[in-house]
Amino acid sequence: MSHTIPIVPIKATPAVDGLGCHAGKDAMLEAAASAGKSEVLNQYAADYPKGPHDQPQSMCPAFGSLRVGLRMRRTATILSGSACCVYGLTFTSHFYGARRSVGYVPFNSETLVTGKLFEDIREAVHAQADPAKLDAIVIINLCVPTASGVPLQLLPPSINGVRVIGIDVPGFGVPTHAEAKDVLAGAMLRYARQEVMAGPVPAPRQARSGKPTITLLGEMFPADPMSIAQMIAPMELAVGTVVPTREWRELYAALDGSAVAAIHPFYTASIREFEAAGRPIVGSAPVGIDGTHDWLGAIGQATGVAQPLIDKARNQALAALRAVLAKQRIKGRITLSGYEGSELLVARWLVECGADLRYVGSACPATPWNAHDAAWLAAKGVHVQFRASLEQDLAAVREFKPQLAIGTTPVVQVAKEAAIPSLYFTNLISARPLMGAAAAGSLVQVINGAMGNQARFDTMNEFFGEVGKADQAGVWSELPQEHPEFRKDMKRQREKQAKKRAAQEAIGS
Ligand code: SF4
């Protein structure tokens with residue numbers, strides 16, 4: 001028998017479908033708190049601190065959770081949110097090669113405020129829960145359902161043996177899509193840990209090595225775990241599971257590792273689960289000579305490896321690195337920014353390869369797991385900016401006038417307009433191997449190749465001159481004329497509208 005869960009309507013009920021990342025996060029936070037979501041939002045505020053700078057400007061955070069769910073075998077992922085958000089999220093997930101359908105429970109103002117949306121979600125979960133096909137179903141509340149208090153925690157923990165994981169991933173509570181990966185990975189690890197504590201669980205599909213394993217935390221290029229495996233083999237350690245996992249039962253193997261390498265440093269909720277399972281955590285990563293030396297030492301100590309074996313692993317890995325770095329160098333000034341969380345690791349490589357790196361901005365926060373990298377970079381004279389905003393990234397490009405700007409789409413766009421060679425961090429840098437000597441070699445090639453394009457930029461600049469810039473962009477039959485009076489008129493109209501809106505809101509509140 002179905003019953004209706006009372007849901008607190010958002011104050012601005014008539015415009016509820018239109019509330020979102022453009023509506024002002026304070027209004028959304030207030031609505032979510034009064035709708036009973038304070039506990040989860042307070043946890044997010046502790047896990048993903050915003051300061052010292054405000055929320056960065058990157059893609060919808062929920063994409064991180066969606067991507068983690070879609071990459072898992074025998075897992076269905078369902079979104080609950082505004083149609084425009086779901087359209088954008090499904091578009092992006094298929095752009096990035098999801099080969100799975102994204103489930104969607106639509107709503108309107110009525111189903112949202114009466115609680116019928118929750119009933120619809122419950123119905124959808126029951127309809128999907130086929131144990132022959134699925135291990136888990138993930139339901140993600142986007143901004144509006146979170147702000148309205150749609151109570152996913154009231155869903156049954158499992159249906160017909162299929163696990164049900166309900167999470168809130170609002171843009172006003174989770175700052176980046178990187179940290180949203182942690183929201184789902186952490187929720188899954190918590191569930192799996194409780195299963196482990198309750199009794200025997202299935203063994204991983206792949207045979208286990210018999211050696212103590214290191215769980216790797218963070219999405220990485222497929223060759224990277226293999227490179228790390230080679231580096232730690234002399235310490236008689238093996239690489240275990242990479243989290244986020246590709247299958248439910250891998251979660252048990254991840255929890256069973258001897259230590260966890262937080263290669264990506266922003267998985268706060270996941271680390272909480274590993275710590276609850278008694279696993280030591282090691283920050284940073286084996287990048288560059290200093291980084292590899294320190295990381296191998298920290299892994300060895302965390303797992304109780306004898307010093308001679310640590311030295312053996314260091315000698316092997318560092319000899320190969322030195323050989324590559326002696327031959328392949330980067331010459332030139334660089335600024336670097338991104339929102340993947342691996343920016344500091346790339347920055348370390350660049351410095352050790354000889355680049356004159358002036359600035360590294362990450363949309364992710366400072367954590368204990370990237371403190372070592374930040375201190376190392378600062379000691380080399382690099383300005384490290386956590387929770388960097390687009391404005392700070394752009395200011396760095398203007399200030400340092402680099403010969404190569406590595407950054408997010410808008411940074412690259414500005415750099416290219418200024419005839420500065422540039423590379424997208426997400427697609428061209430973070431999606432490549434980063435560990436080991438081979439990774440260093442290929443990174444140097446890409447960077448030097450991009451820097452070598454300066455002459456082409458200059459030629460293009462000279463050829464196009466001032467054509468197509470700013471207001472004069474486009475194809476014109478006559479030379480476009482400036483009309484500053486139009487601008488003034490539009491500005492007056494906008495100010496008038498803003499005053500009218502403010503007066504209406506004052507009457508409504
Ligand atoms: S779910 Fe994402 S796209 Fe939709 S309003 Fe929230 S942050 Fe914006």
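The values are calculated or read from the model by the stated rules, or taken from the named source; none is laboratory data. Just so it is clear, the structure is predicted and the values come from calculations on it, not from any experiment. Here the Cβ positions follow ideal geometry from the backbone for every residue, glycine too, while neighbour counts run over all protein chains shown.
What number goes with the only condition from (1) touching a residue at least 24 places away in the same chain (Cβ under 8 Å); (2) not in a helix (DSSP H, G or I) that Glu273 does not pass?
If we test Glu273 against (1) touching a residue at least 24 places away in the same chain (Cβ under 8 Å); (2) not in a helix (DSSP H, G or I), just (2) comes out false.
Among what's in the stretch 139-173 and is in a helix (DSSP H, G or I) and within 16 Å of the ligand (Cβ to nearest atom), pick the residue that is surrounded by the fewest Cβ atoms within 10 Å (Cβ to Cβ).
Within the stretch 139-173, the first condition is being in a helix (DSSP H, G or I), and the residues that meet it are 143-147, 152-154.
Going one step further and asking which of them are within 16 Å of the ligand (Cβ to nearest atom), we end up with 143-147, 152.
Details: Cys143: 27, Val144: 27, Pro145: 29, Thr146: 30, Ala147: 33, Leu152: 21.
Residue satisfying both the conditions and the ranking: Leu152.
Filter the stretch 209-256 for residues that are without any contact (Cβ under 8 Å) to a residue 24 or more places away in the chain and not small (Gly, Ala, Ser); which is nearest to Arg73 (Cα to Cα)?
For the stretch 209-256, the residue satisfying everything is Pro222.
Identify, by number, the condition in (1) over 16 Å from Ile289 (Cα atoms); (2) in contact with a Gly (Cβ under 9 Å, 6 or more places away or on another chain) that Ile334 doesn't meet.
That leaves (2) as the condition not met.
Check whether at least one residue in the stretch 323-342 is of a type in the set (D, E, K, R), in a helix (DSSP H, G or I) and at pLDDT 95 or above, and report yes or no. Walk me through it before giving the result.
Filtering the stretch 323-342 for residues of a type in the set (D, E, K, R) gives 327, 329, 331, 333, 340.
Add one more test, that the residue is in a helix (DSSP H, G or I), and what stays is 327.
Applying the additional criterion that residues be at pLDDT 95 or above yields none.
For the stretch 323-342, residues of a type in the set (D, E, K, R), in a helix (DSSP H, G or I) and at pLDDT 95 or above: absent.
Within the stretch 77-94, identify whether any single residue is more than 13 Å from the ligand (Cβ to nearest atom), touching a Ser or Thr at 6+ places or on another chain (Cβ under 9 Å), among the hydroxyl-bearing types (Ser, Thr, Tyr) and at pLDDT 95 or above, and answer yes or no.
So far as the stretch 77-94 goes, yes, one or more of its residues are more than 13 Å from the ligand (Cβ to nearest atom), touching a Ser or Thr at 6+ places or on another chain (Cβ under 9 Å), among the hydroxyl-bearing types (Ser, Thr, Tyr) and at pLDDT 95 or above.
Can you name every residue in the stretch 257-270 that is in contact with a strand residue (DSSP E or B) (Cβ under 8 Å, 6 or more places away or on another chain) and touching a residue at least 60 places away in the same chain (Cβ under 8 Å)? Please lay out each step first, then the result.
Residues of the stretch 257-270 in contact with a strand residue (DSSP E or B) (Cβ under 8 Å, 6 or more places away or on another chain): 257-264, 267, 270.
Of everything in the stretch 257-270, those that are in contact with a strand residue (DSSP E or B) (Cβ under 8 Å, 6 or more places away or on another chain) and touching a residue at least 60 places away in the same chain (Cβ under 8 Å) turn out to be Ala262, Ile263, His264, Tyr267, Ser270.
Determine whether the stretch 421-436 contains at least one residue that is surrounded by 11 or more Cβ atoms within 10 Å (Cβ to Cβ), at positive phi and not in a loop (DSSP other than H, G, I, E, B).
Of the residues in the stretch 421-436, the ones surrounded by 11 or more Cβ atoms within 10 Å (Cβ to Cβ) are 421-436.
Restricting the remaining residues to those that are at positive phi gives 436.
Then drop every residue that is not not in a loop (DSSP other than H, G, I, E, B), which leaves 436.
Yes; the residues of the stretch 421-436 include at least one that is surrounded by 11 or more Cβ atoms within 10 Å (Cβ to Cβ), at positive phi and not in a loop (DSSP other than H, G, I, E, B).
Considering each of Met435, Met451 in turn, give the residue that is touching a Gly at 6+ places or on another chain (Cβ under 6 Å) and within 30 Å of Ala319 (Cβ to Cβ). So that I can check it myself, show each step before the final result.
Values: Met435 fails: touching a Gly at 6+ places or on another chain (Cβ under 6 Å).
Selected residue: Met451, the only one of Met435, Met451 that is touching a Gly at 6+ places or on another chain (Cβ under 6 Å) and within 30 Å of Ala319 (Cβ to Cβ).
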